[in-house]
1. For I21, I63, give the ranking by accessible area with the largest first, probe 1.4 Å.
2. Report P(r) for the chain: all Cα-Cα distances, bin width 10 Å, range 0 to the bin holding the largest distance, values in whole percent.
3. Rank these residues by their accessible area, most exposed first, probe 1.4 Å: T31, T78.
4. Could you order E76, E18 so the one with the most accessible surface comes first? Probe is 1.4 Å.
5. Mean residue ellipticity at 222 nm from the helices of the chain, using -39,500 (n - 2.57) per DSSP H segment of n ≥ 4 over the full residue count, to the nearest 500 deg cm²/dmol?
6. So if I take the centroid of the Cα atoms in region 1-33 and the same for region 43-108, what is the distance between those two points in Å?
7. Computed FRET efficiency, Cβ-Cβ of C32 and E76, R0 35 Å: what is it to the nearest 0.05?
Amino acid sequence: MKKSEVELVIISAIVNGECAIKMKIYKNGTTCRFGVGGLPEIGLSLMSFVNDTRYFDPLMESITQEMLNTPLDYQEPTPNGYLEFAIVFFGESRNGDTGERADWAKVT
């Protein structure tokens with residue numbers, strides 16, 4: 001996927017099965033968050049609509065095209081507990097929607 005095609009970025013951090021934080025950052029300005037980035041999980045979520053790219057653009061500036069070309073699937077033993085970080089990029093919508101109802105054609 002080309003960097004210019006990315007419409008949505010999902011970032012999550014999970015510790016021993018508990019979601020510390022999960023964020024959806026859309027190019028259209030919608031931002032969704034579950035969790036506060038710490039544990040124990042408190043189940044707090046929010047959604048905001050800013051209708052511009054003030055959060056999306058700085059995030060994408062830190063992403064290289066190389067990262068999109070070669071997805072990482074790095075795993076190591078977890079003797080002290082389970083920790084998972086994930087970042088997923090979505091682009092090109094089959095139904096023309098680029099928000100919560102999008103039918104994404106490209107994912108990496």
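1. Descending order: I21, I63.
2. So the P(r) values, bin by bin, are 14, 40, 35, 11, 1.
3. T78, T31
4. Order by accessible area, largest first: E76, E18.
5. -2000 deg cm²/dmol
6. If we compute the Cα centre of each part, the gap is 4 Å.
7. Efficiency computed from Cβ-Cβ geometry: 0.75.
The values are calculated or read from the model by the stated rules, or taken from the named source; none is laboratory data. On a predicted model such as this, the values are computed, not experimentally measured, just so you know. Heads up, the Cβs are rebuilt from the backbone with ideal geometry, glycines too, and the neighbour counts pull from every protein chain shown. When the accessible area is computed, the model is the full protein with side chains, heavy atoms only, and any ligands, DNA or RNA have been set aside. Shrake-Rupley method; radii C 1.70, N 1.55, O 1.52, S 1.80 Å.
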